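Here, each number is a calculation from the coordinates, and none is a lab measurement. Since we're looking at a predicted model, the values are computed, not measured. Neighbour counts are summed over all protein chains in view; Cβ atoms, including those assigned to glycine, are modelled from backbone coordinates with ideal geometry.
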Amino acid sequence: MISKSYPQIAFCLAITPAQENYYSSLKKMDITTVSICLYISQMGRQKHATSHVNAARSLGMTTHAYMITDLNDPINDCLQFSTRFLELGYSKNSKITVFVNGSQYIKDSQKKITDILNFISKFHKRENIDLAFFNDDLNNKIYNLDLLPEVNLTLANVNANTPGSNKVGTWIYTMDCGENSQFLAYDFYGYYTDESYQLSLIDTEYIVQQGDSWYSIARRHDIPLIKLLKMNETSSESRVYEGQVVKIA
């Protein structure tokens, strides 16, 4: 029976401590992968990013990077971010997250997001570029995922019981880490952590983890959703709960 927890990643903000002892506390929580904010629209380069990167790397942590864009001037955002990314010595295998924090008043937002991905792809591997959104923006139909390129999806659905979408690869579930403010996320398929969940052939049951849905369980174990629901005598509208035992074979 499966009970392993999902790997986690910390998305570190400028307001979180840029100190080695803070990153040591993350490692004690079994978080060894972090993504550090290098640039925010209207606010420019994050001046503490260097300290964050150095503190994490000094402890042997895996470091990725992200930018937050409001889509008003996406190409400038990309130029500023990419310059900082290269200055800090990130590798070709580092993941880049484009966190979209625009508004319903931005024109051609779908095209601008695609333009950002195309621009960053000129100096970085396309498969290592991730898109991140706030779940409320998707619920309000500000963005349409079906019209965007197929990449890993990170979704911020803070303090909720589920990620908010069955397409999510990484779920930011909280902004709190003790007395500090920063994003913590479950990395369901090991996109950032390279630590995907492995299913043993002898396992016939699965213990539901926080953030699971019938869709994510079916996808994780490569089982047709209809078959999974039939085995468990339920429907897709029913909820699953953390700790619940689900038949998978």
CD proxy at 222 nm, helix term only [per DSSP H run n ≥ 4: -39500 (n - 2.57); per residue of the chain; nearest 500]: -7500 deg cm²/dmol
Packing-based ranking, highest mean first, of 218-224, 52-58 given that Cβ atoms within 10 Å are counted: 52-58, 218-224
Crossing angle, helix 109-120 versus the chain [Cα axis fit, 0-90 degrees, rounded to tens]: 70
Semi-axis lengths (Å, descending) of the ellipsoid that matches the C-alpha gyration tensor of the chain: 31, 22, 16
Inter-part distance where the range 82-110 and the range 4-69 are each reduced to a Cα centre, Å: 15
Nearest-20 debye value, the range 62-158 charge dipole, Cβ charges on Lys, Arg, Asp, Glu: 280
Listed residues I142, L155, G169: farthest to the positive end of the dipole of the range 131-201 (Cβ charges): I142
Cleavage-rule hits, chymotrypsin sites (Phe, Trp or Tyr not before Pro), the range 119-168, DSSP coil, Cβ neighbours within 10 Å at most 15: F123
For the chain, size of Cβ-based charge dipole, Lys and Arg +1, Asp and Glu -1, in debye: 440
Part-to-part distance (alpha-carbon centres) for the range 130-158 and the range 206-249, which is given in Å: 23
Angle in degrees between helix 49-58 and the longest Cα principal axis of the chain, rounded to the nearest 10: 60
Hull shadow area, averaged, the range 123-249 [alpha-carbon convex hull, nm²]: 9.8
Value of D in µm² per second that Stokes-Einstein yields for the range 82-169, Kirkwood Rh from Cα pairs, at 10 °C (1.306 mPa s): 113
Helix axis angle, 74-87 relative to the chain longest principal axis, alpha carbon, degrees: 90
Square roots of five times the Cα gyration tensor eigenvalues for the range 205-247, Å: 14, 11, 10
The range 104-155: trypsin sites (Lys or Arg not before Pro) falling in loop per DSSP and having at most 12 other Cβ within 10 Å: K107, K122, K141
